[in-house]
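In what follows, a structure is listed as structure tokens, so that the remarks can point back to it.
Please treat every number below as a calculation from the coordinates, not as lab data. Because the structure is predicted, anything quoted here is derived from the model rather than measured. Positions of Cβ are generated from backbone atoms using ideal geometry, with glycine treated the same way; all protein chains shown enter the neighbour counts.
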């Protein structure tokens, strides 16, 4: 793998990581706020939080080389996040299992 391709993949992984945090953290915050509220407003805020969390987990799953459908684990809230974090990393480029910081198969950077 040439240096330009390596850098392109590294930047893409970094952007996906920022997206997952940028959507997931507010999602968890909205879930907590919605649970503290009462009535219909609390339910709406919680549902919005769940939606943001699932969107963030979708980006996280893709970054780690998995199907975005794994984001459905977000319905389990923090337990789903833990399960997703424990899944093995796959190469973003070739989908091979990764141990370490670089894919042994294609030389692409590993997800953070």
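Quick look at the values:
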| quantity | calculated |
| --- | --- |
| The range 84-112-the range 1-56 distance, computed between alpha-carbon centres (Å) | 22 |
| Spin-label model distance (nm) - residue 33 vs residue 97, 7 Å beyond Cα toward Cβ | 4.2 |
| Computed label-point distance, nm, for sites residue 10 and residue 44 using a 7 Å Cα→Cβ extension | 4.6 |
| With Cα atoms, 0 to 90° folded angle of helix 39-63 axis to the chain main axis | 0 |
